[in-house]
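Visitor: Supplied in structure tokens, the structure appears directly below.
The values are calculated or read from the model by the stated rules, or taken from the named source; none is laboratory data. Only a predicted model underlies this, so the values are computations on that prediction, with no experimental measurement involved. Here the Cβ positions follow ideal geometry from the backbone for every residue, glycine too, while neighbour counts run over all protein chains shown. Heavy atoms of the whole protein, side chains included, go into the accessibility calculation; ligands, DNA and RNA do not. Shrake-Rupley method; radii C 1.70, N 1.55, O 1.52, S 1.80 Å.
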Amino acid sequence: MIDAITSTAAPRIFSGVQPTGNLHLGNYLGAIKQWVALQHDYESIFCIVDLHAITVLQNPDALRKATLEMAAAYIAAGIDPEKCIIFPQSMVKEHTELAWMLGCSTPLGWLNRMTQFKDKAGKHKDQASLGLYGYPVLMAADILLYHATHVPVGEDQKQHLELTRDIAGAMNRQVNAELFTIPEPLIMGEATRVMSLRDGTSKMSKSDPSDMSRINLSDDDDTIRRKFQKAKTDMEPGITLAENRPESANLLRIYASLADISSKQAEAQFEGSEFSHFKKELAELTISQLAPMRDEMQRLLKDKAQLKAILKRGSEAASDIAATTIKDVKHALGFVRV
Ligand code: AQP
């Protein structure tokens, strides 16, 4: 029994990460670290969004492995599986069911504005899959199924969340009822958009071909030190948040987020320092927070049966909520129940 999930009246958060490769510092600071803090004040549902992951081709064994690793990472980061629902998206069939229903009334014009599709499809739009194009509709279904009141995400997901709100509003008007809760984004912390360590103008991302561009939660201490030491910086003097110094500003924001201080405080702390000194401090702070998480993750991964039991329990609790929502939506849309 997951104690905290009781009714639809309480504020509730829903969020998720794709089990595609390694979690990185951007996922942690932009999303998971915020979830850990929020779980005390919200009913919390954390999904491992494997259906989103297959919008690009996945190796089945790697996907299975990454799904369990993601569950271990959530728990190692401090998500309490006794309080929160943790589950893989594909275990709750209502996600795809609702995505279809929402897709039937989502105008193409809305989807054509989504920058993530444009970025991911690149120049070969005709080769991109229907799934990749419909990704934001599935994301809307994920959130709306659970009547989430708030969705903690990184800055990059803001546009998808606005689309979710538009889809929910349009459906409510279509059926002339409050079928869906309109969710609010929660974009929190000092590192809402962690940038690549190789280029301060592009997002830190799992799919960047350069491993040096990101800190993975699985990196060992020396790798973390080496990556920060080699992180791109410019030749200008001073470590600042100035907009024209994106690499410097990115490292300061990472530091601030890890240290739970403001970026301004971090800037003041390192005023007059050399980058070499700042990078060492940043690496040691990162290690002090990531190393215990990495070790706990390894420990949890030794007991796969226990992890699977947590996911099964989470799937059952999620299914209970999702089934009620789908029943209401089917009725509102006019499906016969026999
Ligand atoms: N660089 C980032 N800074 C802050 N937050 C970030 N998030 C992702 N990257 C950053 C947040 O992490 C959550 C889960 O993201 P995801 O794995 O589901 O998808 P994504 O945003 O596509 O992550 P990646 O690493 O960029 O994956 P690829 O490379 O496969 O596209 C979300 O809340 C996201 O905001």
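Visitor: Looking at (1) farther than 27 Å from VAL56 by Cα; (2) within 16 Å of the ligand (Cβ to nearest atom); (3) in a loop (DSSP other than H, G, I, E, B), which is the only condition LYS227 fails?
Guide: Failed condition: (3).
Visitor: Looking only at the stretch 178-189, count how many residues are assigned to a loop (DSSP other than H, G, I, E, B), away from the ligand (no atom under 11 Å from the Cβ) and not aromatic (Phe, Trp, Tyr). Don't jump to the end; show me each part of the working.
Guide: First, pick out the residues of the stretch 178-189 that are assigned to a loop (DSSP other than H, G, I, E, B): 178-183, 187-189.
Among the residues that remain, those that are also away from the ligand (no atom under 11 Å from the Cβ) are: 178-183.
Add one more test, that the residue is not aromatic (Phe, Trp, Tyr), and what stays is 178-179, 181-183.
The qualifying residues number 5.
Visitor: Tell me, please, whether a residue that is within 16 Å of the ligand (Cβ to nearest atom), open to solvent by 50 Å² or more (accessible area, probe 1.4 Å), closer than 30 Å to ALA231 by Cα and in contact with a Pro (Cβ under 6 Å, 6 or more places away or on another chain) can be found in the stretch 194-201.
Guide: yes
Visitor: What are the residue pairs meeting all of these: first residue in the stretch 109-121, first residue of a type in the set (D, E, K, R), second residue open to solvent by less than 60 Å² (accessible area, probe 1.4 Å) and within 12 Å of the ligand (Cβ to nearest atom), Cβ atoms under 8 Å, and 6 or more apart or on different chains?
Guide: ARG113/GLN159; LYS120/LEU132
Visitor: Take the residues in the stretch 49-66 that are touching a residue at least 60 places away in the same chain (Cβ under 8 Å) and open to solvent by less than 30 Å² (accessible area, probe 1.4 Å); name whichever of them is farthest from GLU184 (Cα to Cα).
Guide: At the first step, the residues of the stretch 49-66 found to be touching a residue at least 60 places away in the same chain (Cβ under 8 Å) are 49, 51-52, 54-56.
If we keep only those that are open to solvent by less than 30 Å² (accessible area, probe 1.4 Å) too, we end up with 49, 52, 55.
Working: VAL49: 20, HIS52: 21, THR55: 25 Å.
The residue in question is THR55.
Visitor: Mind telling me which of the residues ILE182, ILE143 ends up being open to solvent by less than 10 Å² (accessible area, probe 1.4 Å), of a type outside the set (Lys, Arg) and assigned by TED's automatic domain parsing to the domain that holds ASP41? Give the derivation first.
Guide: Working: ILE182 fails: open to solvent by less than 10 Å² (accessible area, probe 1.4 Å).
Result of the check over ILE182, ILE143: ILE143.
Visitor: Scan the stretch 17-61 residue by residue and report those that are assigned to a strand (DSSP E or B) and over 28 Å from PHE228 (Cβ atoms). Lay out the reasoning, then the answer.
Guide: First pass over the stretch 17-61, keeping only residues assigned to a strand (DSSP E or B): 17, 24, 43-48.
Within the stretch 17-61, GLU43, SER44, ILE45, PHE46, CYS47, ILE48 qualify.
Visitor: Could you grab the pairs with beta carbons closer than 6 Å, sequence gap of 6+ or different chains, first residue in the stretch 147-166 and touching a residue at least 40 places away in the same chain (Cβ under 8 Å), second one open to solvent by 40 Å² or more (accessible area, probe 1.4 Å) and among the acidic types (Asp, Glu)?
Guide: HIS150/GLU184
Visitor: Out of all the residues in the stretch 237-248, which are farther than 13 Å from PHE270 by Cβ and either hydrophobic (A, V, I, L, M, F, W, C) or loosely packed, with under 13 Cβ neighbours inside 10 Å (or both)?
Guide: Residues of the stretch 237-248 farther than 13 Å from PHE270 by Cβ: 242-244, 246-247.
Within the stretch 237-248, ALA242, GLU243, ASN244 qualify.
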